Amino acid sequence: MRKHYIKSLCIISVLGILMPASLLAQDLIRTEGRSEVRLESNMTKDQAREKAEELAKIDAIAKVNSTYVDQVTDITIKDGRANYDIIGNTKVRGEWIRTIKKDINEETRETKGALGKEQEIWIVCIISGEIRECVPRANIEFNTLSCPMTTCRQTSFFDKESLFLFFKSPVDGYLSVFLDDGENTYRLLPYKSMGALSAVKIMGDKQYIFFSRNKDDEYDAQYSTDALELYTGKEIEYNNIYVVFAESPYVKPVLNEIKELEDGYLLPKSIKTENFQDWLSECRAAVTDFQSVRIRINIKKK
């Protein structure tokens, strides 16, 4: 079987979400947040903009829910479920459902340094959106890996290196995995052999290693496992992996077909990034146990 090839990383119409009556969305609250991030020497502008957006969302949630969990000690995990959400690396008491408006601007400011006046670049983000109070959801475990063992490198990869994913949930549910390169989002799981399946069924308390051809890691013998390679044409490139999980079934977005490249590699089914984010928002709004967690990875030239 050919390997799937992901360049370091369609047209969509959002389908209706499967939504049991018990999972009807709670009332959404509109709020606004603001943040300022100084561009440091070890940051790209894209990283600074991403950080500013995360902090603005946290500020917006804090205005409604007073505090975030990182500042307090009453974190509750009951029956494998946690009562917080995560934005960046910060645990918060509210869930960001959708962005309504976002303004990110760059400002140059003068400051006094050791050698006199110096100029600093600041990224300012003002964001408004809809949130809701965070309800207990499955406290899932996950990591991207550079080899099919949990001791391998997790977020740093080299050009043409394989990608694997460790996943474990305390409860049964449904899992899908995507890779976003900033323009397009590629669906990595379910596998190609699974056709139009929206998500794979996960058994609670079972450890999974996806994208591994090792028989011990095989998800299901009736399906062929996709082997993945990461690629970049730059010195270093940053991509986002989205781990999407819910206890209830959900419907995938409409995807573009697999593309075959001249070198025999395949690009997985894809969707425009902005449309993927719209799909995530619709799912979060409709299904309270739906969660999407982002893992930021980097790919370097050898």
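When you scan the stretch 57-65, do you find a residue that is surrounded by 15 or more Cβ atoms within 10 Å (Cβ to Cβ), in contact with a Pro (Cβ under 8 Å, 6 or more places away or on another chain), at pLDDT below 80 and not assigned by TED's automatic domain parsing to the domain that holds Ser224, even just one?
no
Listed residues Phe276, Phe245; which is crowded, with 20+ Cβ neighbours inside 10 Å, in contact with an Asp or Glu (Cβ under 8 Å, 6 or more places away or on another chain), in the same structural domain as Gly204 (by TED's automatic domain parsing) and at pLDDT 95 or above?
Values: Phe245 fails: in contact with an Asp or Glu (Cβ under 8 Å, 6 or more places away or on another chain).
Checking each option against the conditions leaves just Phe276.
Any residue in the stretch 233-242 that is buried (at least 16 other Cβ atoms within 10 Å of the Cβ), among the small types (Gly, Ala, Ser) and under 29 Å from Thr150 (Cα atoms)?
Going through the stretch 233-242, the residues buried (at least 16 other Cβ atoms within 10 Å of the Cβ) turn out to be 237-242.
Next, from what is left, pick out any that are among the small types (Gly, Ala, Ser): none.
No, there is no match, as no residue in the stretch 233-242 is buried (at least 16 other Cβ atoms within 10 Å of the Cβ), among the small types (Gly, Ala, Ser) and under 29 Å from Thr150 (Cα atoms).
Limited to the stretch 78-121, what total is found for residues that are among the hydroxyl-bearing types (Ser, Thr, Tyr) and part of a loop (DSSP other than H, G, I, E, B)?
From the stretch 78-121, those among the hydroxyl-bearing types (Ser, Thr, Tyr) are 84, 90, 99, 108, 111; that's our starting set.
Filter once more, so that each one left must be part of a loop (DSSP other than H, G, I, E, B): 84.
Of the residues in the stretch 78-121, 1 are among the hydroxyl-bearing types (Ser, Thr, Tyr) and part of a loop (DSSP other than H, G, I, E, B).
Step by step: first the residues of the stretch 248-273, then only those that are out of contact with any helix residue (DSSP H, G or I) (no Cβ under 9 Å at 6 or more places or on another chain) and basic (Lys, Arg), then the one that is surrounded by the fewest Cβ atoms within 10 Å (Cβ to Cβ). Which residue is that?
Lys259
Results for (1) in the same structural domain as Phe276 (by TED's automatic domain parsing); (2) modelled with pLDDT of 95 or more; (3) not in a loop (DSSP other than H, G, I, E, B), shown as yes or no for each residue.
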| position | (1), (2), (3) |
| --- | --- |
| Gln154 | yes, no, no |
| Ser176 | yes, yes, yes |
| Leu179 | yes, yes, yes |
| Ser198 | yes, yes, no |
| Gln222 | yes, no, no |
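Hey, does the stretch 187-200 have a residue that's farther than 19 Å from Ser248 by Cβ, loosely packed, with under 14 Cβ neighbours inside 10 Å and out of contact with any Phe, Trp or Tyr (no Cβ under 9 Å at 6 or more places or on another chain)?
Yes, some residue in the stretch 187-200 is farther than 19 Å from Ser248 by Cβ, loosely packed, with under 14 Cβ neighbours inside 10 Å and out of contact with any Phe, Trp or Tyr (no Cβ under 9 Å at 6 or more places or on another chain).
The values are calculated or read from the model by the stated rules, or taken from the named source; none is laboratory data. Because the structure is predicted, anything quoted here is derived from the model rather than measured. Positions of Cβ are backbone-derived with ideal geometry, glycine not excepted, and every protein chain shown enters the neighbour counts.
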